[in-house]
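Undergrad: First the structure, which I've put down as structure tokens, then a few questions once you've had a look.
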Amino acid sequence: MTLKVRVIAPDKIVWDAEAEEIILPSSTGQLGILKGHIPLLTALDIGVMRVRINKEWKPIILLGGFAEVQNNNITILVNGAEEISEMNMEEAKTNLEKATKLVEESKTNKEKIEATQMLRKAKAKLQAATVINN
């Protein structure tokens with residue numbers, strides 16, 4: 001038996017497939033889910049969800065939301081998501097450096113919040129690149 005995983009963003013269904021295991025970026029840390037997991041509802045942070053299918057890991061960037069686990073069904077409602085098939089490690093590092101610089105240079109609260117969100121997304125993309133390139 002496997003897990004049925006659905007990732008739903010406001011504008012589309014990002015993922016709808018079976019998996020052997022997933023690792024979620026919960027608001028309290030990484031959360032691994034295998035078949036037979038107890039029912040659970042958890043908040044998700046910006047980060048990388050890793051999905052294992054046929055012993056291969058696939059990263060999906062989640063932009064915050066919630067996950068419900070029940071009877072080997074995992075429903076993930078997110079603000080946004082990005083499925084990654086390939087990612088250039090150097091490009092990801094460059095984007096992280098740019099985002100870090102934006103955080104340091106931001107003056108207003110609004111600029112700081114926006115820059116921090118960009119930084120968190122850049123970190124998630126670098127993490128996804130690491131999963132892909134290993």
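Undergrad: Calculate the length of the line joining the C-alpha centroid of the stretch 62-81 to that of the stretch 38-56, in whole Å.
TA: After rounding, the separation between the Cα centres reads 8 Å.
Undergrad: Counting only DSSP beta bridges with both residues in the chain, tell me the antiparallel percent, nearest 5.
TA: 90
Undergrad: Give me log10 I(q)/I(0) at q = 0.16, 0.21, 0.23, 0.25 Å⁻¹ for the stretch 3-83, Debye formula, one equal scatterer per alpha-carbon, no solvent.
TA: Here log10 of I(q) over I(0) equals -0.48, -0.88, -1.08, -1.30.
Undergrad: Same structure again: Give me D for the stretch 35-132 in µm² s⁻¹, whole number, from Stokes-Einstein with Rh from the Kirkwood sum over alpha-carbon pairs, 20 °C and 1.002 mPa s. Before the final figure, lay out each step's value.
TA: Numbers: Rh = 14.8 Å.
Approximately 145 µm²/s, per Stokes-Einstein.
Undergrad: Relative to the first principal axis of the alpha-carbon coordinates of the chain, what is the inclination of helix 89-105, with its axis defined by its Cα atoms, in degrees from 0 to 90 and to the nearest 10?
TA: Computed tilt is about 50 degrees.
Undergrad: Determine, at each q value in 0.23, 0.27, 0.32 (inverse angstroms), the log₁₀ of I(q)/I(0) that the Debye formula gives when each Cα of the stretch 89-132 is one equal point scatterer.
TA: Log-scaled intensity ratios, in q order: -0.68, -0.83, -1.02.
Undergrad: Only helical DSSP H runs with n ≥ 4 go in: add -39500 (n - 2.57) per run for the chain, normalise by residue count and round the 222 nm mean residue ellipticity to 500 deg cm²/dmol.
TA: The per-residue figure over the chain is -10500 deg cm²/dmol.
Rule-based calculations on the coordinates, nothing more; no lab input. Because the structure is a prediction, the values reported are computed rather than measured.
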